[in-house]
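Colleague: First, the structure itself, so that you have it in front of you.
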Amino acid sequence: MPTKTKEYSLYDPGCLVVCKQDIYSSVAIDGDGGGTNRVQAGTVGLIISGPQPAKGYKEHFYVQFLKDIKWWVRADEIEPYINYFYS
């Protein structure tokens, strides 16, 4: 029976995600402002773009987290936002 459903990925640009664990970086979030270099587990973000092999990010997603934190993260560091409450 035909339906009008459309498949989509939970990791497409525009989808909400949440950090599965604390995510660390070698560079502080605010550069030299003295801020932390960590996004805490449970922080919600929005996927801005998917993997971009030409830029060297073939397994990463560019995510904007709360407080305007934009980072390239691996898929194993984030999960779809809906699973955060039901897992």
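The values are calculated or read from the model by the stated rules, or taken from the named source; none is laboratory data. If you're wondering where the values come from, they're calculated on a predicted model, not measured in any experiment. No Cβ is skipped: glycine too gets one built from the backbone with ideal geometry, and neighbour counts run over all protein chains shown.
Colleague: Can you name the number of the only condition in (1) under 12 Å from Cys19 (Cβ atoms); (2) surrounded by fewer than 18 Cβ atoms within 10 Å (Cβ to Cβ) that Val39 fails?
Modeller: All conditions are met except number (2).
Colleague: Across the stretch 52-82, what is the total count of residues that are closer than 14 Å to Cys15 by Cα and of a type outside the set (A, V, I, L, M, F, W, C)?
Modeller: Final tally of qualifying residues: 5.
Colleague: Within the stretch 1-56, take every residue that is of a type in the set (Phe, Trp, Tyr) and modelled with pLDDT of 80 or more and give me the one that is farthest from Glu79 (Cα to Cα).
Modeller: Tyr24
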